[in-house]
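The values are calculated or read from the model by the stated rules, or taken from the named source; none is laboratory data. The structure displayed is predicted, hence computed values, not measured ones. In this analysis, Cβ positions are derived from the backbone assuming ideal geometry, glycine residues included, and neighbour counts consider all displayed protein chains. These accessible areas exclude ligands, DNA and RNA; they are computed on the full protein's heavy atoms, side chains included. Shrake-Rupley method; radii C 1.70, N 1.55, O 1.52, S 1.80 Å.
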Amino acid sequence: MATLSMSTTYRHIHQLSLPGQCPHCGAQALTGHYFQLQRETRWTLRLTDQLSRRVSCTACQRECAPATWDKALTEACQAGEQQAVRLPTSFRWKTPAKLLMAMLLLVVPLLIWAISAWTDHQLRTAISLQPQPGDRLLAMPIATDTDPEPKSTYLWLKVEQVGDLEFSLIPYAGSCTTRDDCPKPSESALQPGLRFQASREDFRKTGNNLNGQDARGAEQHYFVVDFERP
């Protein structure tokens with residue numbers, strides 16, 4: 001199993017002269033150094049409030065292990081730790097992590113959009129090839145020879161019956177001016193008197209165009225923009 005490696009670095013924050021003799025050379029030249037611990041991974045950098053201390057001799061340049069400290073030196077080191085001014089603790093994401101998060105912010109919405117578009121395409125294909133009773137279509141009326149002005153409205157249609165060459169649709173009452181503002185209508189809003197027949201062949205070829213006639217022989221032309229299958 002992969003593990004997240006972590007390294008520790010030390011940031012020097014304080015030093016002071018200490019009493020006592022060096023256990024190595026006997027010189028009275030002891031210095032205490034205080035460090036604040038910083039934890040680092042591949043993705044993060046965190047400055048903790050933990051301190052580390054070290055005693056060395058400026059005469060012989062050797063470090064004095066804690067096991068060689070006497071009581072006075074130990075107490076002096078502890079007092080020096082109280083005097084040390086810690087840096088504010090902090091946490092930050094490193095550049096690779098920031099780049100990865102930026103990529104995710106770009107890729108995830110694109111992935112969601114792609115999945116949604118693929119799902120819509122699959123549904124559009126399924127309904128245009130084989131409409132079923134109960135399917136609902138959001139469509140925009142198209143201008144015809146008898147009604148040359150284009151309609152800037154949308155309305156819902158419900159598939160009622162499906163034959164080999166044609167299928168019948170019933171409009172719902174009510175319309176909207178933009179596609180996103182069209183709520184799903186209730187079944188009580190159906191208008192059976194406006195039922196019309198549409199060509200399955202035209203719908204299959206285009207996936208969008210509904211071309212047909214109502215009971216009076218008036219042409220009906222719609223451009224389908226959304227599909228819903230219960």
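Numbers below:
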read-out: Residues of the range 129-142 that turn out to be of a type in the set (A, V, I, L, M, F, W, C) and part of a loop (DSSP other than H, G, I, E, B), as a count; value: 1
read-out: Residue list for the range 70-87, restricted to those being in contact (Cβ under 8 Å) with a residue 40 or more places away in the chain, of a type outside the set (A, V, I, L, M) and open to solvent by 20 Å² or more (accessible area, probe 1.4 Å); value: 70, 81, 83, 86
read-out: Subset of the range 53-94 [under 14 Å from residue 29 (Cβ atoms), in a loop (DSSP other than H, G, I, E, B) and of a type in the set (A, V, I, L, M)]; value: 59
read-out: Single condition residue 126 does not satisfy, out of (1) of a type in the set (Gly, Ala, Ser); (2) outside any strand (DSSP E or B); (3) buried (at least 16 other Cβ atoms within 10 Å of the Cβ); value: (3)
read-out: Residue match in the range 146-156 (condition: at pLDDT below 90, in contact with a Ser or Thr (Cβ under 7 Å, 6 or more places away or on another chain) and surrounded by 13 or more Cβ atoms within 10 Å (Cβ to Cβ)); value: yes
read-out: Candidates 39, 46, filtered to the one that is modelled with pLDDT of 90 or more, within 26 Å of the chain's Cα centre (by Cα), of a type in the set (Lys, Arg) and part of a strand (DSSP E or B); value: 46
read-out: Pair list, Cβ under 8 Å, 6 or more apart: the range 3-24 residue over 19 Å from residue 56 (Cβ atoms), other residue of a type outside the set (D, E, K, R) and assigned to a strand (DSSP E or B); value: 8/37; 8/38
read-out: Of all residues in the range 190-226 being open to solvent by less than 50 Å² (accessible area, probe 1.4 Å) and among the hydrophobic types (A, V, I, L, M, F, W, C), the one that is nearest to the chain's Cα centre (by Cα); value: 225
read-out: Within the range 170-187, tally of residues that are farther than 21 Å from residue 214 by Cβ and either in a loop (DSSP other than H, G, I, E, B) or open to solvent by 60 Å² or more (accessible area, probe 1.4 Å) (or both); value: 9
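Let's see how each residue does on (1) closer than 30 Å to residue 24 by Cα; (2) of a type outside the set (Lys, Arg); (3) touching a residue at least 40 places away in the same chain (Cβ under 8 Å); (4) open to solvent by less than 100 Å² (accessible area, probe 1.4 Å):
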| residue | (1), (2), (3), (4) |
| --- | --- |
| 46 | no, no, yes, no |
| 51 | yes, yes, no, yes |
| 101 | no, yes, no, yes |
| 107 | no, yes, no, yes |
